[in-house]
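Values in this text are rule-based calculations from the coordinates and carry no lab data. Just so you know, these numbers come straight off a predicted model, no measurement behind them. With ideal geometry, Cβ positions are generated from the backbone for all residues, glycine too; neighbour counts draw on all protein chains shown.
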Amino acid sequence: MKKRYELLLVSTDFGGGVSRIVREIGSCLNEFFKVKVYSLMHPLFKGKHHYDEEVYKGLLIKMYPGVHIARAYLVSFSFLSAVMKQNPDLVHAHHYGYFPATCGFLLAKIKRKPFVISTYLHPPSKNPFNRFLFYLQYYTQGIFTLKFADAIIVSTKLEKKIIEKYVREKNKVLVIPNPIDTQKFLRVVKKSGKKKIVLYAGLLHWTKGADIFFEIAKKILDCRRDVIFVMIGKGGQDKKFDEKLKAESKHYKGRIRVINEASDSDLIEWYSKADIFVSPTYYESFGLMIAEAMACETPVISTKVGAVPEVVPEGKGGFLVDYGNWKKMEEKINYLLDNPDLRRKMGEDARKFVVDNFELKKIVKSFREVYLSLLNKNVKENNK
């Protein structure tokens, strides 16, 4: 009987794409391996300040609260202590440059086990102080996890090109796209056909373009009455924008809807009902919610930033505009609103692209192959 290897997945949990990806991958891999997930929570996103547990599709996830040190490091000594007590056959860290990856790296090297890291790399923001914190955090915690990793997983070709600048062994940088469960994310309701819906989903923050979406919505609503704009996402990071959004959206009497909490089933319903998904994002290392909307047959209008051009096939799954060219984005929204046949065709093409390239089972198979290759190699080296 073959040994059932034990995998330890360590990750940040900021309430966004990374934690969702870890849950999906971990729950599927649990069929082949004994999978444990330890995550570090950001109180701002999770609203929790104590240890917690969650079961997702039979997968137990242990969550520890993080504490900021001088705004530069989010750490947790309880998380470190719990991780260091483990004895897995392989460690897979998610989110380069953060404390969980450092903890996973230390455990793997002490126990002499294979270490894999998925990067989800984001560039530093425009704010000078935040740029300083970015380089301090990433280069004090991050560089060692890249240099001594047995495999580095990136989700796009762009990310591969960036990461390869920091490692000598280019062959250990592997492209495995982020997964989309296309049996879960699919169109569940018909488009209404009455009032058209333009949807935004993501953090209510300038890095995701929430403020831009709001301004474009107001301009379009001042000119036409056959559309409503829906914004789904958590606020709390920019109080001025939160207050502005709450105050000004009232003037549009329900034509701008703001939804702060949404389950996966709620999201899928909104993706399905929406006629267009709009993401004026500053940067995406992949664009998970963009791909989810596409899986639900909703065409996308987004920016030519980061990996978005690898996720949205230009002219087929949607339209892309240069970041900052908001007039062009407004024009593309109006153009799609006025062309229902094109919207339908683009939505169909968008789903096909996601199924062909990001389907969950295909992605999990790729991860499994990487793990088994490293585990077999480790067994051979330990038997010498």
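Structure summary
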quantity	calculated
The chain: calculated mean residue ellipticity at 222 nm from DSSP helix runs of at least 4, using -39500 (n - 2.57)	-12500 deg cm²/dmol
Percent breakdown of C-alpha pair distances by 5 Å bin, ordered from the shortest bin, for the stretch 196-358	2, 9, 20, 24, 23, 15, 5, 2, 0
Environment charge at Asn260 (Cβ cut-off 10 Å; Lys +1, Arg +1, Asp -1, Glu -1)	-1
Scaled radius of gyration (Cα, divided by 2.2 N^0.38 Å) that the stretch 255-302 gives	1.14
The stretch 237-274: GluC sites (Glu not before Pro) falling in loop per DSSP and having at most 16 other Cβ within 10 Å	Glu261
The chain - Rg (one decimal) and Dmax (whole number), Cα, Å	21.3, 74
Restricting the stretch 204-301 to trypsin sites (Lys or Arg not before Pro) in coil, as DSSP defines it, with at most 15 other Cβ within 10 Å	Arg224, Arg225, Lys253
Ranking of Trp270, Trp206 by count of other Cβ atoms within 10 Å, fewest first	Trp206, Trp270
Per-pair calculated FRET efficiency, R0 = 35 Å: Glu243 and Asp264 via Cβ, rounded to 0.05	0.75
Cross-link pairs beyond the 21 Å C-alpha cut-off, checked among Lys195/Lys328; Lys218/Lys316; Lys36/Lys165; Lys196/Lys253; Lys208/Lys244	Lys195/Lys328; Lys218/Lys316; Lys36/Lys165
Distant-in-sequence amide H partners of Tyr56 (H built 1.01 Å from N, under 5 Å)	Ile61
For the chain, share of DSSP beta bridges that run antiparallel, in % to the nearest 5	15 percent
